[in-house]
Amino acid sequence: MSYDRIMFGRTVSLIFAAALPVLATSFAIAQSGPSSKPGVGAIPYSIAGQGFGVTFRTFAPFATGMHVAGSFNGWNSTNKPLFNEGNGYWSVDVPGIFPGVQYKFVVTKSGGQTLWKNDPRARRLTNSVGNSIVYNPSSYVWTTQNYTTPNFNETVIYELHIGAFNVAAGDTPPSTFDECRARLDDLKDLGINAIELMPVCEFAGDISWGYNPAYPFSVESSYGTPDDLKEFVDAAHARGIAVFHDLVYSHWGPSDLDMWQFDGWSVNNLGGIFFFNDARAVTPWGDTRPDFGRGRCVRISVTTRSYGSKSSAWTAIAGMEQSTSARLINRAPTFLRVGR
């Protein structure tokens, strides 16, 4: 396998908190407008004097209405409307719910039809055709202190596929983050000081090389939770081993892709707001090339997650539209070591 590789070191934590029952809060007040809280996706909040809950925000400029439904409201498609912010975004604060609840957006298209869609910014899903899950981005407690990334000219990389690396005899793939973590000492004894994970974003099905990402912010559910991935990285750092991530930006999907025509709009029956809608959409892996010229699409991908790792590898840069790849490269240094 041959591909261009560019390293960068942006770090965004992706954590999953165990599901907790929905509780009532005395701070539940009828909302009459968009949320004033920051963030995109499903963002838990706990604010003195305002109680706790989750802010839901999504980008759907061509939708005529938006609701959120989930395990917290009996999957009612009409009683939790999001409010139009006037800039393509829709948002609402839902008080009294915890990380761990499942949800989907219910998008009203022009013409009145509704679409049930997973969150493009979902950080965890039940599976690629299941539901989005609210997670707590600060629940994981790092245990490794004073970790230092190896010098670039001294880095010895082992490329690792989570799903194939440690399948027990008589078991069926895929192996998990926890099962791979159990063999980190073997890798250290091998003499490597860096692991490059083949893509671990949520993909269609349970078995794949990972180069068909359906949800670029979410961890592959068959491998474990985002906390499991962070624990893998934490344990690697404890052994002086860096962790890089392969990221796929030349195409997404093409299957199990709820971002496709997310708000009902498209041109030429192509992907809609997050994709090219002309000849530039065509790739060897499907007509699903993201349009990084759209600011919201860039934010969906470039502000990616390293799960505590120190850098990432970009895959199939040559398969990206030229001005797109240049724009992304200009946003990310070729190699940068940073803290969490």
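Things to note:
- Top-ranked residue in region 190-211 [being more than 15 Å from the chain's Cα centre (by Cα) and among the acidic types (Asp, Glu); ranked as surrounded by the most Cβ atoms within 10 Å (Cβ to Cβ)]: Glu196
- Test for Ser110: is it assigned to a loop (DSSP other than H, G, I, E, B), touching a Gly at 6+ places or on another chain (Cβ under 9 Å) and surrounded by fewer than 19 Cβ atoms within 10 Å (Cβ to Cβ): yes
- Any hit, region 2-13, residues being over 16 Å from Gln102 (Cα atoms), modelled with pLDDT of 95 or more and over 19 Å from the mean Cα position of the chain (by Cα): no
The values are calculated or read from the model by the stated rules, or taken from the named source; none is laboratory data. Remember, it's a predicted structure, so these values are computed and weren't measured experimentally. Cβ coordinates were reconstructed from backbone atoms using ideal geometry, including for glycine residues, and neighbour counts include every protein chain displayed.
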